[in-house]
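These notes are about the structure you will find just below.
The values are calculated or read from the model by the stated rules, or taken from the named source; none is laboratory data. Only a predicted model underlies this, so the values are computations on that prediction, with no experimental measurement involved. Cβ atoms come from the backbone with ideal geometry, glycine included; neighbour counts cover every protein chain shown. SASA here: full protein model, heavy atoms, side chains in, ligands and nucleic acids out. Shrake-Rupley method; radii C 1.70, N 1.55, O 1.52, S 1.80 Å.
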Amino acid sequence: MPEPVGVRRAQAQRTRSGVLAAASAVFVDQGVQAPVRDIAERAGVGVGTIYRNFPTRADLVTAVYRHQIDTCAALAPQLLAESASPFTALTRWMDAFVEFLVTKHGLGAALGSDDPGLENLHALMLDTLVPACATLLDACAAADEVGPGISAYTLMRAVGNLCITGPDYERADARRMVATLLAGCSRPAW
């Protein structure tokens, strides 16, 4: 007796979610050019399952980052609602944004790639994350917690530049520099 359509659909969604989680972890460890067989092994599926769900590497990379970008964006209103101040929400959101950036080995190469399947990745980041950051900055400005004229795009670009890690500059260094940048954006409470 065949499984009902709802059961098959739920299983397919679990498989897809498992592949995305595995790909995300493998990308952190090895970068976006990691072998598909490593992702399949980590997800506990065959390579064919990966290609059935994501016909190209660009499809897989985009799906992983889309999920993570959407998660980061959704965090902004949540933090704004639960934080003691808008600036605290902004600081906590920037911590999540920094974590997103510093764990994305090969993301810069993917963004600059000639692969037509990846050409919308940068726009996706901007279209989703800049408005989330702007919401937090607007709340900070309304509460007089940041200086005037700070745009979300400029702030995020500065944070992005501070998050380019290397042999003598690691995640902790990036976090410290972003904290210094945010301190410079805050308005002193007199």
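Could you rank the peptides 29-37, 126-134 by their average count of other C-beta atoms within 10 Å per residue, with the highest value first?
The packing order, highest mean first, is 126-134, 29-37.
Leaving out ligands, DNA and RNA, and with a 1.4 Å probe, what % of the accessible surface on the chain is carbon or sulfur?
56
Using 0.36 nm times the number of residues separating R187 and Q30, minus their current alpha carbon distance, what extension gain do you get?
Computed gain between R187 and Q30 is 52.5 nm.
Would you mind working out the accessible area per residue for the chain, using a 1.4 Å probe, and quoting it in Å²?
I get 55 Å² per residue for this part.
With θ taken as phi - 60° and the coefficients 6.51, -1.76 and 1.60, list the Karplus ³J(HN,Hα) couplings across the range 125-138 in order, rounded to whole Hz; mark glycine and proline as x.
Running phi through 6.51 cos²θ - 1.76 cosθ + 1.60 with θ = phi - 60° gives 4, 5, 5, 9, 8, 4, x, 5, 5, 4, 4, 5, 5, 4 Hz.
Report the per residue volume, in Å³, of the convex hull enclosing the C-alpha atoms of the chain.
142
Taking H placed 1.01 Å from N in the peptide plane, check which residues at least 5 places from Y169 or on another chain put their amide H under 5 Å from its amide H.
HN-HN under 5 Å from Y169: empty list.
For the range 1-57, max minus min Cα coordinate along each principal axis, in Å, sorted largest first?
42, 16, 16
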